[in-house]
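The values are calculated or read from the model by the stated rules, or taken from the named source; none is laboratory data. It should be emphasised that the depicted structure is a prediction, and the values quoted were computed from it without experimental measurement. With ideal geometry, Cβ positions are generated from the backbone for all residues, glycine too; neighbour counts draw on all protein chains shown.
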Amino acid sequence: MRRMRFCRTLAFAAATVWVAGVAVGFAALERYAVEAGPARGTEARAVAFLRAQQQPGRALLAMAVHPRCPCTDASLAELGDLLARSRGACDALIVEYLPSSPPPDWPAPGDHRELGGVRARVQPDRNGDLALAMGALTSGHVVFLDASGTLRFEGGITLARGHRGRAPAHEAILDALQGSAAAVPPAPVFGCALQEKCAAILPR
């Protein structure tokens with residue numbers, strides 16, 4: 001009888017530890033999903049570069065991405081949604097991280113990507129230098145210049161890591177495209193670090 005009670009107690013303790021471990025694991029994943037990455041202010045040289053990419057009288061959305069970050073697909077999907085909702089009022093530039101010495105399996109950057117019915121140009125970013133000048137330390141970082149070339153927004157357009165969902169910046173950017181002079185507040189960026197080591201920890 002004592003042996004049976006001991007076994008039951010041991011089994012209950014083991015089950016409790018397992019449930020607690022699962023709960024802690026889920027809590028950690030949930031916290032990671034909503035934990036934003038770092039960012040910093042856009043440098044004048046990046047603004048000058050992006051202005052040089054603009055067509056006369058056209059707004060520009062530039063997004064810095066890491067091709068091996070699993071959050072990148074969600075970020076690009078949200079960018080596509082934003083471009084589609086802009087009804088052709090905005091152009092797009094994808095600033096894609098490229099290591100100085102890419103491994104053989106590194107995805108080759110194309111010249112263009114189709115996003116929301118808009119043909120977005122792809123700018124290979126050797127060592128992430130342009131992204132850093134854009135203030136982007138995290139994949140999915142967006143810089144928005146209005147049609148006059150004024151920097152109006154820098155930050156993220158997703159609600160969590162790897163998850164789609166319109167962030168408040170969507171509506172503010174659309175309002176700016178329609179002529180609103182209201183400030184577009186910065187927003188957190190959800191993604192992985194725009195660094196070469198990201199490729200080693202996030203294989204795809």
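Worth pointing out:
- Listed conditions (1) out of contact with any Ser or Thr (no Cβ under 9 Å at 6 or more places or on another chain); (2) assigned to a helix (DSSP H, G or I); (3) surrounded by 14 or more Cβ atoms within 10 Å (Cβ to Cβ) are all met by Pro102, apart from (2).
- The single residue among Gly149, Gly110, Gly116, Gly128 that is out of contact with any strand residue (DSSP E or B) (no Cβ under 7 Å at 6 or more places or on another chain), assigned by TED's automatic domain parsing to the domain that holds Gln55 and more than 20 Å from Val184 (Cα to Cα) turns out to be Gly116.
- Single unsatisfied condition, Glu43 versus (1) surrounded by fewer than 22 Cβ atoms within 10 Å (Cβ to Cβ); (2) over 19 Å from Pro186 (Cα atoms): (2)
- Within the option set Gly88, Gly110, Gly57, being in contact (Cβ under 8 Å) with a residue 60 or more places away in the chain and assigned to a loop (DSSP other than H, G, I, E, B) holds for one residue only, Gly57.
- The set of residues from the stretch 124-159 being part of a strand (DSSP E or B) and surrounded by 19 or more Cβ atoms within 10 Å (Cβ to Cβ) comprises Asp125, Ala136, Thr138, His141, Val142, Val143, Phe144, Leu145, Arg152, Phe153, Glu154, Gly155.
- The stretch 46-65: number of residues that are out of contact with any helix residue (DSSP H, G or I) (no Cβ under 7 Å at 6 or more places or on another chain), hydrophobic (A, V, I, L, M, F, W, C) and closer than 14 Å to Arg152 by Cβ: 2
- Condition met for Gly156 (closer than 22 Å to Glu96 by Cα and touching a Lys or Arg at 6+ places or on another chain (Cβ under 7 Å)): no
- Extreme residue, surrounded by the fewest Cβ atoms within 10 Å (Cβ to Cβ), among residues of the stretch 59-97 that are over 11 Å from His141 (Cα atoms) and of a type in the set (Ser, Thr, Tyr): Ser86
- Identity of the residue in the stretch 107-156, touching a Ser or Thr at 6+ places or on another chain (Cβ under 7 Å) and polar (S, T, N, Q), that ends up modelled with the highest pLDDT: Ser139
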